[in-house]
Every structure is written in structure tokens, then in C-alpha cells.
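Heads up: the structure comes next, in C-alpha cells.
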Amino acid sequence: MTTEHTRRLRRIGAVVATGMALSLTLAACSATGDTGAETGTASDIEAALQEESTITVWAWAPAVEDIAAAFEEKYPKVTVDVVNAGTGNDQYIKLQNAIKAGSGAPDVAQIEYYALPQFALSDSLVDLNDFGFGDLEEKYTASTWGSVNLDGGVYALPQDSGPMALFYNQAVFDQFGIAVPTTWDEYVTAAQQLHAADPTKYITNDTGDAGFTTSMIWQAGGQPFVTENSTDVTVNLQDEGSKKFADTWNQLIEGDLVAPISSWSDEWYKGLGDGTIASLTIGAWMPGNLESGVPEASGDWRVAPMPTWEPGVAASSENGGGGDAILKQSKNKLAAAGFLEFMNAGEGTQISMDAGGFPSTTADLESDDFLNAESEYFGGQQINQVLVQSAKDVVPGWSYLPFQVYSNSIFGDTVGQSYANKTDLNEGLIAWQDAIAEYGNGQGFTVTSE
Amino acid sequence: MTTLSLSAKTGAPAPRRQRKRDWSGWKFVGPFMVVFALVLIAPVIYSIYLSLFKDQLIGGNSFVGLANYGQALSDPKFWESIGRVSLFLVVQVPIMLALALFAALAIDSARLHLSSFYRIAIFLPYAVPAVVAALMWGFMYGTRFGLVGNVNDFFGIDIPSPLSNSWILASIGNIVTWEFVGYNMLLFYAALRVIPADLYEAADLDGAGTFRVIRSIKLPALRPAIVIGTIFSIIGSFQLFNEPNILQSLAPNSISTYFTPNMYAYNLSFAGQQYNYSATIAIIVGLLTAAIAYAVQISGSRKEV
């Protein structure tokens, strides 16, 4: 199927090339594709950027518009068409439909790390090694590079990242004399203390969130999803890390110690502002959201390292964040590659940071300006010191399912029931695992459920 | 749907009456038939075609015959969703129709001051888009910052959350009733208005009281309208989608991805890329709805005689 697909794409590509007089660009493109030669690709890209062309980019990150404008200024002959095709899942649905239809997909698309395997392993994305982008590895943090490096191919360039940290409301913690927890056991104790002192206050909110749960299991050292040879998937949501998370979190759920408020709801923003929700364990992209969404709590919040499972052993995980990929359907891959490099490995990273994105490029993370920036919202704390350290402490070896997007969409049907009924999370995780296995096998994967 | 197929049937035999084939009948129904074929027949045929295949992320597309139907008929999630809308149907529809009937009779009774105000007030929710209505009610249902929360705080009581697992279906029923009582009331009221005045005069002369008039004149005259209202409501129940789909973001653990058959089909195809299985579910639900609606129509019109 794959060869047939690419053959058809090539045929379409050829027709379009003659029709649109893009022959030069395409000839260069197919030359690299056929020979696999990596030498000279940088100059091929540079040449393509001096040709009249248009590329389409699907992205919802607000900075992309500005990056495209800066790019067009530098390469006036290339027009970058930025389309917001929806945020996250909405865009993936459209992208998946365009891939299935064989046309209509953009040249470049923003894809979060958790969704990347789905598109990469279904052979919809260009392996960026074709453009020599494998050499960019040293520019990025190990965890973000690991997220785009799948089965030996590089399928996206990382844009932002979300190393986790504990965001907490210092004012509430001080009021009730609660110490900032450094381990999850201390966290549970703090939750009990706080709720006992004031029943309207909760340590955090949680109604079941697939992204949060997988990030927590990640930090606990779990590796519930293992994919080999693209199609052999092993699921084990009862491995040591998963159980460690579930057993600890059970104490919070069963004890009514977390606020039953869904994240990103109006209630959530209100709760973050009035102290009902006293802390959040969440990705490093959160400060901008707090500043814009919860202005009334300015000065109250602080950032601490994510609580750990072993006292004194720093560990963290990624939560959210993503990169940008080139679609196989693209008829202008060289220009797309040029834009991608500009956006995520060149001038674009600074524009993205200015818009509040947390970078994945080590040079930006290590810069003095970034590390020593004092955040007024966080009472003058140098929050990036904590967040950058978290990026270094991310536990290696994690991977997502090649059909994570759908699996996350049925999280509420399974694990969510444990939240709703305040029952054992392990049972919910087992139900999720069964549903994942059923779906995967139905889609032609070989899913082993352990 | 039933009325459409009837008109198609009566249209077809016309050309056969003449020996020489005369196409003028077809010229009249032609424009309709083209649109009908394009927007109704073609999608149904395409769905049936889709339902006979299985397209996998790995392995591609293959013909599987009726395997998808077998899978659907033994799918507990599918039956759970059918069971849920059936429960909704037998509880919500009678309540809604009874309320609509009461409102129509009250407005028609001519004993009500400001009857045109009541008519428009009861009808108004129907003009509110279902999406807006669901959002609005969703906010009112909030136990923390919503109306329910305010009531709890004010009276110091503890109303169970309308968005919890055990109350969510009733809460959705409440929204749907609020939306559609006015529509059904108007349906009934229109039927009441066409009853000839001499029937009332005759009843008056015979000394019939208000309730006797309702029982012997108004209700029999309303029967066709009630049958129509019931059929629309059955179809609406089986197609329940907007309200639960919007409330899902507020109550993700109470409303599953297979809460109603339509939500199941939607999530299968748009989140899970299972277009084929989704088409199968849609066809089975369509057949089931048509069968139940047809049964109601048959039994409704039989009693009429």
C-alpha cells in the first residue's frame, strides 16, 4: 500500500510540476529523495528559497504568524500561508482526513509530541534526515529530540516543550502553614492538611486527564506503551510506574482531596484565582496562561520542582509541547524544509519565546537572559531556573502509542469512571488498556496487552 | 421520510397509464428527483457501500461483507447507547407532549388573560439554537459557580449535581423539554384552531362541560397532531447529539463517547478513523428509528377510524 501510495503521489507531483513550472524545485527534491544523498541539501534548500513559491502551514501556536512574516521578509519570493485549522485534536482530524483523501494536506503542520507517532508511523510525514536535519540533534534537549526521533527517523523539529513543575499558590500555602512538598508522599499529606484546614480549598483539581496521567506515569518511570517495527505494540498500564502513580493518586481521589473541576473551564480559572485550587503540576508553558487567565492572583504564585517518587532523586517528565512536521503530500518540500529550519532551529525560536512559548533549544534555555529573567507575576522569582532544570531531569525512554490521539479520546470512558465513582484508578487503567488493545488490533496493529 | 417515499410512489405509476411513453410527468418531478437523489439517496447508498468495507490504519482497505453489522449487533457499547436513548424516549417524550398539550389547551380555552404572551413565551426557547441552550443550561447546572451552586449556598441545602453520572440523563431531558415544548404546543394549538366553531356550539347546547368538550371534541381532533409530534420526538430522541456533546466538556466523566448512538458514530469516525464501522452504526440506527416511527404511525392512524 505504501509503495502504491508514494507512486501515486509522485505521479501527482509530476503533473503539478509541469503545470506550475516548479520543475526546478521538484527535480532537486526527487534527486535527494532518490539518491538519499545528504550532502548539498542545505544548498538545495537555499536555492529553493530563492524561487517563487507558496507553502501552506497549519498551526495554532500564536507565534507562527509572526515567524512567517519574518521569514517572508528574509525570503521575499516565498509566500507562507498560515492557516489555523483548529487546536490539537480538531486539526489532527482534518489532517488525518486530508491524508486519507490523498490531497488537501498542508506542507507543514504543527503536531504535538503525543500525536506525532500516529502520523509518523502511518508514513504520512517526511523523514527529515532527507534534508540532513538529523545533524540538528545537538541543538535540542534530549527529551524533545527523543519525542521526534521515532524508529530511527526524525519526523518533526521540536518547537516548544513542557517539562513539568509544581506551580503553587504561595499565599494559600502560607496561610495554612503548609510546606512546599518535594515528594508525592508529602504532596498527599499537604493535600490532607489543606483540605482539613479549609474544606473549600483543594491541593489541586483533577477530573481525569489523559495527558496529565501519562506524564505522571512517565515521571514514575513507567513505560506502558512500547512500539516495535511500527506495528507491534505492547501496552502495560499496570507496570511499576503506572501502579506507583495510581496507588498514590487513589488516596487523593478516594479521599475527595482534589477539586472536581475540569482544567481550562471557567471554574478552573476562578479556582486558580481565589485559592480554591492551590497548586498545579503542569508543563513549563503554564506561566503565560496564568498571567493572562488569572491576573487577580498576580504575585501569589511560585514555581517549585515537580515532587518526586524517591526523596532526593530529581525526576521530571514532559507535559504537552510539540513540533512541526513536513507532510509527504507536500509538493514543495525544500521550501517547507527551509521554513521549518527557520522556525524551529533559527530566528523563529526567539519569536516563539517572545510570545510566551517555552523553548526546546538548549542554546535558548541556557542563555543568561532567559535563566535570569525575573517574573513579576511570580513575585520576582527566576522561574526559568526551575523550569530549565526540569527539562534536564526528564526521565528518558518514554514513548506514546501510534494511535494516542484516539486512545486519549476514550480516557473519560474508562479511567474517567474511576474518577466519577471514586474507585480504584488501577481498574480504570486496566479498562483503558483493554480498550486500547481492542482498537489497535481492529486497526491492524498487533497489540500485546500485558 | 415516510411521506417522502409515499410521494415518490405516487409519482412513479403516472407515465405507465399512457401507451406511448410520456415523459411530461417526469419533467415535473425531475428537479425534485435530482435533488432527492443527490442529497438523500446518494449519501445513504454511499454509507451502505462504506459499511461493507474495513479500512485499517495498518493493512489498508478490504471488503468484509456484513462483518461490520455482526460486530455492531454484538457491541455492548452500541446497545448501551440505544438503551439510553430508549429510556430517554419513554420518559422524556410523554412528559414533554403532556406539557405541550396542557399549554395548548390552556391557551385555546380563551380563559387565559394575555394568551398571546404565553404562546410566544412558551414558544421562544425553540428559537434558541440548541447549542446555545445546552451551553446556557450547562452553566446553570454548575454546582460551584452556577445557578445550582447559588441555590445550594442560599438555602444551605445540597442538591445533587445535575452533571453527575446518575442525573445527567434527566438533566439533558430537562433541556430538551424546555427547547421543544413550545414547538409541540404550537403544533397542537394549530390543530385546535381549525376545529369548526359549530361543534362547540352543538356541545354547548347539549350541556357539555369544559372537560367533556376536551375529551369528546378536542382530543379526537388532536390525534393526528399528537401522532406527528410523537414521531418527530422519537426521531429527535434517537438523534440526540447536540446537548450531550456540548455538556461533555463540562462533565467528561458522566458523558462517554458512546452516550448516544449519534455520539458513538461521530466519535468513531472523527476521533477513531473508523468510518466504515461508523457508517454501519448510522444505518442500523436509521433503520431502527424508521421502524419505530412507522409502528407509531400505523397504530396511531388505526385508532383514528
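Points to keep in mind about this one:
- Shielding of B:262-275 by partner chains, average beta-carbon count, 10 Å: 4
- Panel values: segment A:69-109, Kirkwood radius from alpha carbon pairs, Stokes-Einstein at 20 °C and 1.002 mPa s, translational diffusion coefficient 184 µm²/s.
- Percent RCO, i.e. relative contact order, over chain B, from Cα pairs under 8 Å lying at least 6 residues apart: 24
- Kirkwood hydrodynamic radius of segment B:72-304, Cα pairs, Å: 19.9
- Shielding by partners, peptide B:249-260 (average Cβ within 10 angstrom, other chains): 5
- The distance between label points at B:VAL64 and B:ILE157 comes to 5.1 nm (points 7 Å beyond Cα on the Cα→Cβ vector).
- Diffusion coefficient, µm² s⁻¹, Stokes-Einstein with Kirkwood Rh over alpha-carbon pairs of the protein assembly as shown at 10 °C and 1.306 mPa s: 53
- Peptide ranges A:287-296, A:342-351 listed from the most packed, as the mean C-beta count within 10 angstrom indicates: A:342-351, A:287-296
- FRET efficiency for the B:LYS27 to B:ALA98 pair, using the beta carbon distance and R₀ = 60 Å, is estimated at 0.80.
- Angstrom value of the Kirkwood radius, inverse mean 1/r, which spans all Cα pairs in segment A:325-401: 14.8
- Averaged over peptide B:104-112, the number of partner chain Cβ atoms lying within 10 Å of each residue's Cβ comes to 0.
- Efficiency of FRET between B:ALA121 and A:THR189 - r from beta-carbon atoms, R0 60 angstrom, step 0.05: 0.60
- Given 12 as the ceiling on other Cβ atoms within 10 Å, longest exposed-site-free region of chain B for trypsin sites (Lys or Arg not before Pro) in DSSP loops: B:112-305
- Translational diffusion of chain A, estimated by Stokes-Einstein from the Kirkwood radius over alpha carbon pairs at 25 °C in a medium of 0.890 mPa s, is 107 µm² per second.
- Volume per residue for segment A:201-282 equals 96 cubic angstrom (convex hull of Cα atoms).
- Using 0.36 nm per residue and subtracting the Cα-Cα separation, the extra length available between A:VAL226 and A:GLN389 on full extension is 56.0 nm.
- Gyration tensor over alpha-carbon atoms, segment B:233-305, equivalent ellipsoid semi-axes in Å: 29, 16, 6
- Under 5 Å between amide hydrogens, built in the peptide plane, is the criterion, and for A:THR54 it picks out A:THR79 among residues at least 5 positions away or on other chains.
- Enclosed volume per residue, in Å³, of the convex hull spanned by Cα atoms of segment A:229-324: 180
- Long-range amide H partners of A:VAL447 with built H, under 5 Å: A:VAL233, A:ASN441
- Sorted by Cβ density within 10 Å, fewest first, the residues A:GLU376, A:GLU438: A:GLU376, A:GLU438
- Estimated vicinal HN-Hα couplings, Hz - segment A:312-326 in sequence order (Karplus 6.51, -1.76, 1.60; Gly, Pro = x): x, 9, 5, 8, 8, 8, 8, 9, x, x, x, x, 10, 10, 9
- The Kirkwood hydrodynamic radius of segment B:169-213, based on inverse pair distances between different Cα atoms, is 13.0 Å.
- Peptide packing: for B:133-140, B:198-205, the average count of neighbouring Cβ atoms within 10 Å per residue gives the ranking B:133-140, B:198-205, highest mean first.
- DSSP-defined antiparallel bridges as percent of all bridges, the protein assembly as shown, nearest 5: 65
- Only Cα pairs under 8 Å and 6+ residues apart enter the sum, and on that basis the relative contact order of segment B:112-220 stands at 26 percent.
Here, each number is a calculation from the coordinates, and none is a lab measurement. What you see is a predicted model; the values in this text were computed from it and never measured. All Cβ positions, even for glycine, are placed from backbone atoms using ideal geometry, and neighbour counts span all protein chains on display.
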